[in-house]
Amino acid sequence: MISNQKLKWLIFAGLSLVWGSSFILMKLAMQHLTPTQVGALRMVISALFLLLIGGKKLSKITKRQWRILFFIALAGTFIPTFLFTFAIQHIDSGIVAILNSFTPLNTLLIGYFFFHYIFTKWQIAGIIIGILGTIFLVGSGLSDQTDANYWYALLVLAATIGYAINVNIIKLYLADLDTMSIAVGNFAWVLLPAIVVLYYTGFFQTDFTHLPISGSLLYVAILAILGTAIAMIYFNKLIKISSPVFASSVTYTIPIVALFWGIMDGEHISLWQIVAGAIILLGVYITNR
């Protein structure tokens, strides 16, 4: 039997790998699909997969929990999914992953001001170090991205606020609901709106026999099943066995994986970006203290 201490690090590492790979998958999928189509299709596939493997869990959700799940589905899933795809259309995927690292800071601030969550000095110190590493990483990456429109970075920052709200609500108000039920209930709310959005993009008139389109669909399917559906189940588990700050700190290690895939895709990484990645990892370690 694996202890919660070991289990949380295993989940942490797995989520870092899976979510760090999700940005390059979004980038590849949008070569032949629009950002709106990728976002909506990601949610539809995720919802159908979760309902298939855990649909029976819906009966365990109370009326009160359904109301809470609606809010986190909107703030933590539906809106951020589209914000990220639109941002990646204008900003390099690795930089988007780096900006996503502001989630722990927003988790700290929202938890403190709205949910009366108490944080230790180690968590605060770890977040500060992680943010410094993130700023360093962004700064070193900007020099190679002169053609990018960084106003779209605001979309990513808005998405991190939604994630932060999501993490705090799950920790405080859904502690009595199992992780599978949370994931299934969450996506049950977004399924119909995502299908409606997908319909109005003209997706169902697409020629799916066209090979490049099929490739994009495969990328979205991998993104939806591994990077969204399964990852959300384990992320909810991580929230329950650790703290909101530690769980959201996975966004500090995601950029390291994303930058690796960027290199494989022909993007450049400098020595300073490697140093920044080391600082980020130090922030994660201190946060866990």
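A few notes on this one:
- In the stretch 208-233, the residues that are under 17 Å from PRO80 (Cα atoms) reach residues that are basic (Lys, Arg) and surrounded by 18 or more Cβ atoms within 10 Å (Cβ to Cβ) with C-beta atoms within less than 9 angstrom, at least six apart or across chains, in these pairs: VAL220/ARG42; LEU223/ARG42; ALA224/ARG42; GLY227/ARG42; THR228/ARG42.
- Filter result for LEU177 (assigned to a helix (DSSP H, G or I) and either more than 21 Å from the chain's Cα centre (by Cα) or modelled with pLDDT under 95 (or both)): no
- Residues that are in contact with a helix residue (DSSP H, G or I) (Cβ under 9 Å, 6 or more places away or on another chain) and surrounded by fewer than 18 Cβ atoms within 10 Å (Cβ to Cβ), drawn from the stretch 200-211: TYR200, GLY202, PHE204, THR206, ASP207, PHE208
- Every pair of residues 6+ apart whose Cβ atoms lie under 8 Å, when the first sits in the stretch 124-148 and is at pLDDT 80 or above and surrounded by fewer than 18 Cβ atoms within 10 Å (Cβ to Cβ) while the second is not in a helix (DSSP H, G or I) and not acidic (Asp, Glu): none
- Taking the criterion of being closer than 22 Å to GLY215 by Cβ and of a type in the set (Gly, Ala, Ser), the residues of the stretch 2-56 that qualify are GLY20, SER21, SER22, ALA29, GLY39, ALA40, SER46.
- For the residues TYR234, TYR163, TYR219, TYR199, the requirement of being among the hydroxyl-bearing types (Ser, Thr, Tyr), modelled with pLDDT of 90 or more, more than 20 Å from the chain's Cα centre (by Cα) and part of a helix (DSSP H, G or I) singles out TYR199.
Yes/no matrix, rows are residues, columns are (1) surrounded by 22 or more Cβ atoms within 10 Å (Cβ to Cβ); (2) at negative phi; (3) out of contact with any Phe, Trp or Tyr (no Cβ under 8 Å at 6 or more places or on another chain):
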| residue | (1), (2), (3) |
| --- | --- |
| LEU192 | no, yes, yes |
| ILE213 | no, yes, yes |
| ILE222 | no, yes, yes |
| ALA247 | yes, yes, no |
| GLY262 | yes, yes, yes |
| GLN273 | yes, yes, yes |
| ALA276 | yes, yes, no |
| GLY283 | yes, yes, no |
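- Note on the stretch 9-48: among residues that are of a type in the set (Val, Ile, Thr) and either assigned to a helix (DSSP H, G or I) or modelled with pLDDT of 95 or more (or both), the one that is surrounded by the most Cβ atoms within 10 Å (Cβ to Cβ) is VAL38.
- Close pairs from the stretch 102-118: first within 13 Å of LYS171 (Cα to Cα), partner among the charged types (D, E, K, R) and in a helix (DSSP H, G or I), Cβ under 9 Å, at least 6 apart: GLY111/LYS171; PHE115/LYS171; TYR117/LYS171
- The listed residues are SER3, SER16, SER59, and the only one of them that is of a type in the set (S, T, N, Q) and in contact with a helix residue (DSSP H, G or I) (Cβ under 6 Å, 6 or more places away or on another chain) turns out to be SER16.
- Candidates in the stretch 91-118 are the residues that are part of a loop (DSSP other than H, G, I, E, B) and in contact with a helix residue (DSSP H, G or I) (Cβ under 6 Å, 6 or more places away or on another chain); of these, the one that is surrounded by the most Cβ atoms within 10 Å (Cβ to Cβ) is ILE91.
- Filter pass, PHE86 being of a type in the set (Phe, Trp, Tyr), within 30 Å of ILE263 (Cα to Cα) and crowded, with 22+ Cβ neighbours inside 10 Å: no
- Any hit, the stretch 49-60, residues being touching an Asp or Glu at 6+ places or on another chain (Cβ under 9 Å), surrounded by fewer than 18 Cβ atoms within 10 Å (Cβ to Cβ) and either at negative phi or not aliphatic (A, V, I, L, M) (or both): yes
- Every residue from the stretch 170-188 that is farther than 15 Å from ILE233 by Cβ and crowded, with 20+ Cβ neighbours inside 10 Å: LYS171
- Residues of the stretch 235-267 that are farther than 22 Å from ASN186 by Cα and of a type in the set (Ser, Thr, Tyr): TYR252, THR253.
The values are calculated or read from the model by the stated rules, or taken from the named source; none is laboratory data. For clarity, every value in this text was computed on a predicted model and none was experimentally measured. Positions of Cβ are generated from backbone atoms using ideal geometry, with glycine treated the same way; all protein chains shown enter the neighbour counts.
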